[in-house]
Structures are given as C-alpha cells and as structure tokens.
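A.B. asks: The structure follows.
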Amino acid sequence: MSIELKDVTYVYMPKTPYERVALDKVNLTIEEGSFTAIAGHTGSGKSTLVQHLNGLLVPSAGEVLVDGVNLLGKDKAAKIKAWHARQQVGMVFQYAETQLFEETVEKDIAFGPLNQGLEEAEVQERVREAMELVGLSYKDYKDVSPFALSGGQMRRVAIAGVLAMRPKYLVLDEPAAGLDPRGREELMSTIQKLHKKWKLTIVFVSHSMEDIARLADNLLVMQTGKLRAVGTPAEIFADAQLLQETGLEPPQMMQIMQRLRAAGLPVNENALTPEAGLQSLREVFHVK
C-alpha cells in the first residue's frame, strides 16, 4: 500500500493578482514502511506538498490516493471512504506544541480519539500506548500540565496526540524546529524508534541534512513547486550538480570527508554520518 500523487498541481489565490503555483504536476509514490524525507529551500513547496497527503489541501488539479482511495470523494460512498483514508495519515506541524490546550497531558492526547467516538476504555488504552511510544511514562506524566514540560517533551506530547488516533502514515513538518540540542536528539530518537520498532511509515520535512542522512531511506528534493529529484540520501548527496542547482549542501560529515580526500587521505568521501566517517578513518589508519 502507499500514498500516491498523480499530476498534482496546487495554485494559491487563483485568478487574482497574487496567484502562485506552489505545486506543479507532482508525481510521486510513498511506499508503506518507508522513511521518506523531503528537502528544498523555503518556498520550494515542501509544506504545501505534505498538506495534500491527508486532504488538508485539495489539489487544483490531479489526484491524491491513500492506499488506492482518492481523497477527493465525489458521491456519498466515496466521501466516506476518503474520510477513512485521511484518518490513516497523521500530521504533525511545525511547533506542534502550540496546539496543546488541555489541562493535563492525558486529556490532551485523548482529545483526538474521543472525537473519533471511541469508548473511554479504548481511549485510555490508546493514550497509554501513545505516551509510551514517545518515551513519556503514563504514570509519571498523565496528570501533569503539558505547559509544565520542556519544549522537547511538549513536542512529544503533540506527536502522541496524533499517534493515539493510530495512523498508518506519520507526516512531520520540521518536527525539531526550535528545540535545544537535547530536545532535538530525544525527538529524533523517538521518530527513529517509531519507524524501526513500531513500523510506522514516516514522511519527514527537514532543513537538516544531518537528520536526513541519519534517518531517511528515501529523499525527495523540491524546487520551485516541482519534484526535482528522488533517490536515496547517498544518491542525492553524491550529485554535486543537483546540490548546486537546488542550493542544498551535503551533510557536514560528508563535507569533512571530501576535504580530507582532497588533502590526500584515501577516506570514503561519501560517508554521510559520523559513524560512517569514523569507520572510514579507522580503516585508513588500521585502527580496530
């Protein structure tokens, strides 16, 4: 199963002096079980793209399908199917903690499942499960005000609120924006666990090439509303011309390894992560 975009175009403020094409005939498939990152400069169409994945935005042209279901149902039966399909795609926006509003963590996470009409016992089970998924002890945090938590913890509460509705696909738009290094590391580890341990399909918008290199197995590059390139992070970051034309830079470790290579050390210049770079250096200097 997958999310598919077929010739998706989106125009902001059509037929006005401010008309702008934000997406231009985008075709892509996000396979179930994948970890897909989306990169591109501000204004490239990243956020507009992900808001189409669960029907928050409706294409000006083209189709969005979730597990084969068109999100723009026309008759009553099709609209019901589309509603259920949209529930499979959970969305976490930038600064998601600004959406927190309840007096306790438990009540905030329970809000979504309660609106789905679930029984109280089922809601409590989902809240407990979602909190454990994001690394927050149900016993220790359920009665705490979300506004008494750190920024990273608040962000994880917001993600738990989405997870409690049990989506199959989790879309995160710059999830680490504004966090301190510790909060960022905790959140990235949580997202990695959700993908690897709990098998969630992740779609991840980020300006951090380091996070993309560490986490993603697929990378989409957006440029002025067009899908410019699709590949693994290693493939994309090895394409110097593409990076130059789209204004992206490879991860810092890759830049360091390229400089070392240029200085005469026979290191792996395509090492993307600190772990890969360290392994290459050990091999060069014969260190176990």
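We did not get these values from a lab; they are worked out from the coordinates using the rules stated. As the structure is a computational prediction, the values presented were derived from the model and not from experiment. As a convention, Cβ positions derive from the backbone with ideal geometry for all residues, glycine included, and neighbour counts pool all protein chains shown.
A.B. asks: So what is the relative contact order for the chain, in percent, with contacts set as C-alpha pairs under 8 Å and at least six apart?
C.D. replies: On the way: 529 pairs, mean separation 59.6, N = 288.
Rounded, it is 21 percent for the chain.
A.B. asks: Please sort 108-120, 44-56, 221-233 by packing, taking for each peptide the average over its residues of neighbouring beta carbons within 10 angstrom, highest first. Before the final figure, lay out each step's value.
C.D. replies: On the way: 108-120: 17.1, 44-56: 20.7, 221-233: 18.8.
By packing density, highest mean first, the sequence is 44-56, 221-233, 108-120.
A.B. asks: Let me ask another. So if R0 is 35 Å, what FRET efficiency would A262 and K288 give, r being the distance between their Cβ atoms, rounded to the nearest 0.05?
C.D. replies: 0.85
A.B. asks: Follow-up question, since we're still on this one. What is region 32-84's relative contact order, in percent, from Cα pairs under 8 angstrom and six or more apart in sequence?
C.D. replies: Working: 33 pairs, mean separation 9.5, N = 53.
It comes to 18 percent, rounded to a whole number.
A.B. asks: Per the helix-only calculation at 222 nm, which mean residue ellipticity applies to the chain, given -39500 (n - 2.57) for every DSSP H run of n ≥ 4 and division by its residues, nearest 500 deg cm²/dmol?
C.D. replies: On the way: 12 runs with 115 residues, N = 288.
My calculation for the chain gives -11500 deg cm²/dmol from helical runs alone.
A.B. asks: Give the relative contact order (percent, whole number) for region 46-112; include only Cα pairs under 8 Å separated by 6+ residues. Intermediate values should be presented prior to the final figure.
C.D. replies: Numbers: 50 pairs, mean separation 15.5, N = 67.
Once normalised by length, the contact order is 23 percent.
A.B. asks: Pull up all non-local amide H partners of V69: gap of 5 or more, or a different chain, and H-to-H distance under 5 Å with H placed in the peptide plane.
C.D. replies: Amide H neighbours of V69, under 5 Å, 5+ apart: none.
A.B. asks: Whole angstrom only: what separates the Cα centroid of region 47-61 from the Cα centroid of region 1-38?
C.D. replies: Computed from Cα coordinates, the inter-centre distance equals 6 Å.
A.B. asks: Something else now. Treating the beta-carbon of each Lys and Arg as +1 and of each Asp and Glu as -1, no other charges, what is the dipole magnitude of region 47-180 about its Cα centre, to the nearest 20 debye? It would help to have the intermediate numbers written out before the result.
C.D. replies: Details: 14 positive and 19 negative charges, 111 e Å.
Here region 47-180 has a charge dipole of around 540 debye.
A.B. asks: Moving on to the next point. Identify, among L163, A276, G152, the residue whose Cα sits farthest towards the positive end of the charge dipole of the chain, taking +1 on the Cβ of Lys and Arg and -1 on the Cβ of Asp and Glu, with the dipole about the Cα centre.
C.D. replies: A276
A.B. asks: If you average over every viewing direction, what projected area does the convex hull of the Cα atoms of the chain give, in nm²?
C.D. replies: Working: hull surface 72.7 nm².
The orientation-averaged projected area of the Cα hull of the chain comes to 18.2 nm².
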